[in-house]
Amino acid sequence: MTHPRRTVPWLMAATLATGVGVAVAQPATAAAGCRVDYTVTNQWTEGFGADVRITNVGDPVSTWSLTWSFGAGQTITQAWNAATSQSGAQVTARNVSYNGAIPTGGSTSFGFNGGWSGSNPVPTSFALNGTTCTGTTTPPVDPTTPPVDPTTPPVDPTTPPVEPPAGAWQAERLDRGLISVRSGSNNLVQWRLLGTEAAGTGFTVYRDGTRIAGPITNSTNYLDTGAAAGARYTVRAVVNGSEQAASASSLTFGNGYLDVPIQRPSADHVANDGSVGDLDGDGQLEIVLKWDPTNAKDNSQAGVTGNVFVDAYELDGTRLWRIDLGRNIRAGAHYTQFQVYDYDGDGKAEVAMKTADGTRSGTGQVIGNAGADHRNSDGYVLSGPEYFTVFSGPTGAVGATTSYVPARGTVSSWGDGYGNRVDRFLAGTAYLDGQRPSIIMARGYYTRAVVVAWDYRNGQLTRRWTFDSNDSGNSTYAGQGNHSLSVADVDQDGRQEILYGAAAIDDNGRGLWNARTGHGDAGHVGDLIPSRPGLEYYKVMESAGQPASWMADARTGQLLWSTPAAGDNGRGVSSDIWSGSPGAESWSSADSQLRNTAGQTVARKPSSANFLAWWDGDTSRELLDGTRIDKYGTGGDTRLLTGAGVRSNNGTKSTPVLSGDLWGDWREEVIWAKSDESGLRIYATPTPTTTRLWTLLHDQTYRVAIAWQNTAYNQPPHPGFFLGTPFTMPAQPVISTP
């Protein structure tokens, strides 16, 4: 549906086309104490969405209340980042626990969905804490030429970043992640053992306020037999014989899963890859979800695509914000790689990705030229500016924007003239200094390969280093990349490196080693051979003149074993899936058998070569493929889970939205999109275990793997220690939490 352009004396209306019709984005004004930007972000029959940004230009406030009147009978039906009430036309929005303080020059944002009938005029006046906001809008900045050295102030200057102490790395301050998974007529209660806690910490379990078990010291789960499906649980740590504060109440996984409602941008969009991060600093993980249009393309395919959207959701389905990447970001697996991580150390995760002219932030701010259309007749975007943007986790506002590095330059210099190889992007997160995370953005792997490291600190993006295969001494690194990347401290110096296909880039941005076996689809890094010191790296290749797969020392790149050439070997996996041989087993599409740590064939090949999940009660890993989980056996695989009413992502890749140790104990959850696109369905294991382990989110290698999992051809995460059979408790992580 379309709506007329509207103008009021202090505001000019701008019209934004979206996948759900025509919405109206209208920046409102004020000053002399406060300014309010009121933006209608979406509008449909009898409904609309809006974002409200408050900027304080007066004295600092510790709490706030914003009031206004609707002029045409509009009503608020749902709000986020604010508590709202309404009496007739009068609306009051108050801060929630984490966003009450606004310093001079600072801002905060909230959003809501509402109803309307007949018309939906913008409110003409706002009051903050009883003072009318009456100033003028700050002059717009020309965003078509973003500064290379941005001076954007921190999005939330009230929370200073925390420097980790020497020897510790910055990790998330997580809550217990307590869940209750229905298992027959029982509930399996699971929770996290945090990396800051002693291995033997006891826990007491409470059902509906009554203590029922504990202290439990041999696991972080409890099977409550015969309990009601809707029972609510809390747990308390026991330290020196004293119970600590109760956890937040459990999430209920009825029928073995939790549904998270999501808001489809249009009937022509499908939920795609996801990630998690603590966006608002409350210790709970939120979900960041990419929506792809149904006409998304591989780079090799011509055709115009619809817009890509990126949403943030609480687990109850509350949408925190939506970013519209706009017409100048093409849709497809190789174009948008997004990273969700707390890069500035303020306890709230940011979201980083490539942007372009017309990208609209979660608060309605347009990057670059909103009217620009750089698509050619084949749908490729081969001209116009390219940007790199970090968005605020709580609001989706722009935190900092700069030019994307490297620029595309001459398209044909990347290997073809029509736009395939030039727009192959990868992304990741790495602790390059060993303590604080950096953003990794990369372009190209068939020919030229460029990897760039960025730091986001105090509201500014700073380029740490650039590795370019075109630079002197780096020419052999061209053509070595995968359709994914991995990150780990491969040389054990306390700082992480980038595994870029058949090569490794050191934490200082210099080449570390290069196996020179060329491009491939998949790689796996971890302690795959626990009898050897350090980490190992397993990779598959596409070239008919190179081994089909190999295992290497991750520190030096020395090949430990390889398999004969077999052309395009599209899939390969390495993990301990069978207790019958020590260490990780490896297999690939080109293999006929399962291989041990020496590369010898030892048993039948599993039924899939895709994702993995620790699911049952032992420490061997299970097979995750499509919408099922199987237990490997030498005589055949055993089905443990078939997802109901869900689908997998990315065509024949058959990957989940996300999988990993996200909630509960150390076992892994799987997030799939519901078949009707109305929600995400999160499955968790219903099986008890006697193994106790710190949450894998507090293992550095594993945590950054969750961040880069959505990159291009998604790959499963691995920890930086051996987790298999037999199980040995790893060293306690040395972490610092904001």
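Numbers below:
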item	result
Within the chain, helix-based [θ] at 222 nm, where runs of 4 or more DSSP H residues each add -39,500 (n - 2.57), nearest 500	-500 deg cm²/dmol
Length-normalised contact order of the chain in % [C-alpha pairs under 8 Å, at least 6 apart]	11
For the stretch 268-416, size of Cβ-based charge dipole, Lys and Arg +1, Asp and Glu -1, in debye	620
Along each principal axis, Cα extent of the stretch 339-460, largest first, Å	44, 34, 16
Over the chain, equivalent-ellipsoid semi-axes from the Cα gyration tensor in Å	41, 32, 23
Within the stretch 349-385: backbone nitrogen closer than 18 Å to the VAL304 label point (7 Å, Cα to C-beta)	357-359, 370-384
Contact order normalised by residue count of the stretch 567-666, Cα under 8 Å, 6+ apart, percent	17
Kirkwood hydrodynamic radius of the stretch 153-298, from inverse mean 1/r over distinct Cα pairs, in Å	18.2
Size of electric dipole in the stretch 511-664: Cβ of Lys, Arg +1 and of Asp, Glu -1, about Cα centre, debye, nearest 20	220
Over the stretch 471-566 - Rg/Rh using Cα atoms and the Kirkwood inverse-distance radius	0.95
Rg and Dmax [Cα atoms of the stretch 242-294; Å; Rg one decimal, Dmax integer]	15.7, 55
Estimated translational D of the stretch 184-248 in µm²/s (Stokes, Kirkwood radius over Cα pairs; 4 °C; 1.567 mPa s)	107
Per-residue HN-Hα couplings for the stretch 725-738 [Karplus 6.51, -1.76, 1.60; θ = phi - 60°; Hz; x = Gly/Pro]	10, x, 8, 10, 4, x, 5, 5, x, 9, 10, 10, 10, x
Note, ³J(HN,Hα) from phi for the stretch 353-364, Karplus 6.51, -1.76, 1.60, rounded to Hz, x at Gly and Pro	6, 6, 10, 7, 3, x, 4, 10, 6, x, 10, x
Mean separation of Cα contacts under 8 Å (6+ apart) over length of the stretch 490-646, as relative contact order %	13
The stretch 697-738: translational diffusion in µm²/s, Stokes-Einstein, Kirkwood Rh over Cα pairs, 37 °C, 0.692 mPa s	279
Estimated inter-spin distance, THR134 and ALA199, nm [label 7 Å along Cα→Cβ]	6.8
Long pairs among LYS297/LYS354; LYS290/LYS354; LYS631/LYS674; LYS605/LYS631, criterion Cα-Cα beyond 20 Å	LYS631/LYS674
Pairwise FRET efficiency - ASP59 versus SER607, Cβ, R0 = 51 Å, nearest 0.05	0.20
Interatomic Cα distance distribution for the stretch 238-334, bins of 5 angstrom, percent	2, 11, 17, 17, 14, 12, 9, 6, 4, 3, 2, 2, 0, 0
Relative intensity, log₁₀ I(q)/I(0), of the stretch 521-602 from a Debye sum that treats every alpha carbon as a point, q = 0.11, 0.12 Å⁻¹	-0.24, -0.29
Zone residues, the stretch 225-242, relative to ASP208, backbone N less than 16 Å from point 7 Å out along Cα-to-Cβ	225-234
Along principal axes, Cα extents of the stretch 502-653, largest first, whole Å	47, 35, 32
Carbon plus sulfur fraction of accessible area for the chain, probe 1.4 Å, in percent	49
Kirkwood-based Rg to Rh ratio, the stretch 589-715, C-alpha trace	0.96
Residue-level accessible surface for LEU251, protein heavy atoms, 1.4 Å, Å²	50
Contour excess over end-to-end distance, with Cα ends at ARG639 and ASN218 and 0.36 nm allotted per residue	148.8 nm
Equivalent ellipsoid, the stretch 578-662 (semi-axes from 5 times Cα gyration tensor eigenvalues, Å)	23, 15, 12
Rg and Dmax of the stretch 500-543, Cα atoms only, in Å	11.5, 31
Additional length obtainable on full extension of the chain from THR476 to VAL270, 0.36 nm per residue less Cα span	70.2 nm
With all protein chains modelled, accessible area of HIS269 [1.4 Å, Å²]	10
Kirkwood estimate for the stretch 390-455, i.e. one over the average of 1/r between Cα atoms, Å	13.5
√(5λ) per eigenvalue of the Cα gyration tensor, the stretch 293-341, largest first, Å	24, 11, 9
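The values are calculated or read from the model by the stated rules, or taken from the named source; none is laboratory data. Keep in mind it's a predicted model, so treat the numbers as computed, not measured. Glycine gets a Cβ as well: all are built from the backbone with ideal geometry, and neighbour counts include every protein chain shown. Heads up: the accessible areas ignore ligands, DNA and RNA and are worked out on the full protein's heavy atoms, side chains in. Shrake-Rupley method; radii C 1.70, N 1.55, O 1.52, S 1.80 Å.
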